[in-house]
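*Asks:* Take this structure first; my questions come after.
The values are calculated or read from the model by the stated rules, or taken from the named source; none is laboratory data. Not measured: the values here are computed from a predicted model. Positions of Cβ are generated from backbone atoms using ideal geometry, with glycine treated the same way; all protein chains shown enter the neighbour counts.
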Amino acid sequence: MIILTGASGGIGQAILPMLGEDIMAIYNKTDANIKVGQCKKQLDLTNTKDVKEFVSVCSGILKHITLIHLAAVKIDELAVVVDEANWDKVMDVNLKGNFLLTRELLPLMIKEKWGRIIHIISSGLGDVGTLTYSTSKFGLLGMSEVLAKEYARYGITSNILQLGYFQTGMWEKLSQVKKDQLLNQIPSKKLGDPINIVNAIRFIIDSPFVNGSVVNIDGGV
């Protein structure tokens, strides 16, 4: 089963139809549109009790798990004016939520001696105004590397997809000036098709020796 967090977001909604029927689509506030045969669950990834309860209640159907951490919060502020509440919100979702769900699902993966953990980061980390977001996503690099080393002996891999710009998700929130600037950085001058993300997910699922890697899907930025 593929467990996809952030399923109601732009990229989540774009790739859900292409991921097959054995899906658990996780969303928080905005409902996720799923196709017939897929499952969905509203869940606060930052709430330890809720995450534990989800895994406990659904453990019977959570088999052959591929966990894709797509859920993320991005709040742009210059470092000198970063609001502490915004810092906490970004870290809670992007890092703590990732950690909590991974921790609770690991025993099921270990028992089956199979699992795929896929973290998502973005191209352009370290850009001006992205202190909280970039810090949280760079943290996933360390998390993934440790998981890759600790659980490979159980047939579990941990990898990162580094995404460029797609005609969905956060791209739609950018100004036209910023869109033109970013598009000019892509050698092909084209945005990515979400099928490229799905292809990479399938590649990781089918490739047990791909572990601790960062796979760039950014058109060569």
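*Asks:* Give me a count of the residues in the stretch 87-124 that are modelled with pLDDT under 95 and under 15 Å from the mean Cα position of the chain (by Cα). Before the answer, list the steps.
*Replies:* So the first thing to find is which residues in the stretch 87-124 are modelled with pLDDT under 95, and the list is 122-124.
Keeping just the survivors that are under 15 Å from the mean Cα position of the chain (by Cα) gives 122-123.
The number of residues fulfilling the criteria is 2.
*Asks:* When the residues of the stretch 152-191 are narrowed to those that are at pLDDT 95 or above and among the hydroxyl-bearing types (Ser, Thr, Tyr), which ends up nearest to LEU140 (Cα to Cα)?
*Replies:* Looking at residues that are at pLDDT 95 or above and among the hydroxyl-bearing types (Ser, Thr, Tyr), I get SER158.
*Asks:* Considering only residues of the stretch 117-132 that are touching a helix residue (DSSP H, G or I) at 6+ places or on another chain (Cβ under 6 Å) and more than 17 Å from PHE99 (Cβ to Cβ), which is surrounded by the fewest Cβ atoms within 10 Å (Cβ to Cβ)?
*Replies:* GLY126
*Asks:* A further question on this structure: Would you be able to tell me the number of residues in the stretch 192-215 that are charged (D, E, K, R) and under 21 Å from ALA7 (Cα atoms)?
*Replies:* So the count comes out to 2.
*Asks:* Also: Which residue pairs have Cβ atoms under 6 Å apart, sit 6 or more places apart or on different chains, and have a first residue in the stretch 21-38 that is β-branched (Val, Ile, Thr) and a second that is in a strand (DSSP E or B) and surrounded by 21 or more Cβ atoms within 10 Å (Cβ to Cβ)?
*Replies:* Correct list of pairs: ILE23/ILE2; ILE34/ALA25.
*Asks:* Right, here's the next one. Go through the stretch 142-172 and give me each residue that's surrounded by fewer than 16 Cβ atoms within 10 Å (Cβ to Cβ) and within 24 Å of LEU108 (Cα to Cα).
*Replies:* GLY142, VAL146, LYS149, GLU150, ALA152, ARG153, TYR154, GLY155
*Asks:* Another one. If you take the residues of the stretch 187-219 that are in a strand (DSSP E or B) and in contact with a Gly (Cβ under 9 Å, 6 or more places away or on another chain), which of them is farthest from GLY155 (Cα to Cα)? Spell out the reasoning first.
*Replies:* Within the stretch 187-219, the subset in a strand (DSSP E or B) is 192, 214-217.
Filter once more, so that each one left must be in contact with a Gly (Cβ under 9 Å, 6 or more places away or on another chain): 192, 216-217.
Values: GLY192: 31, ASN216: 23, ILE217: 25 Å.
Across the stretch 187-219, the extreme among qualifying residues is GLY192.
Conditions tested, residue by residue: (1) surrounded by 21 or more Cβ atoms within 10 Å (Cβ to Cβ); (2) hydroxyl-bearing (Ser, Thr, Tyr); (3) on the phi < 0 side of the Ramachandran plot; (4) in contact with a Lys or Arg (Cβ under 9 Å, 6 or more places away or on another chain).
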residue	(1), (2), (3), (4)
GLN13	no, no, yes, no
GLU21	no, no, yes, yes
LYS35	no, no, yes, no
LYS41	no, no, yes, no
ASN47	no, no, yes, no
LYS52	no, no, yes, no
LEU62	no, no, yes, no
THR66	yes, yes, yes, yes
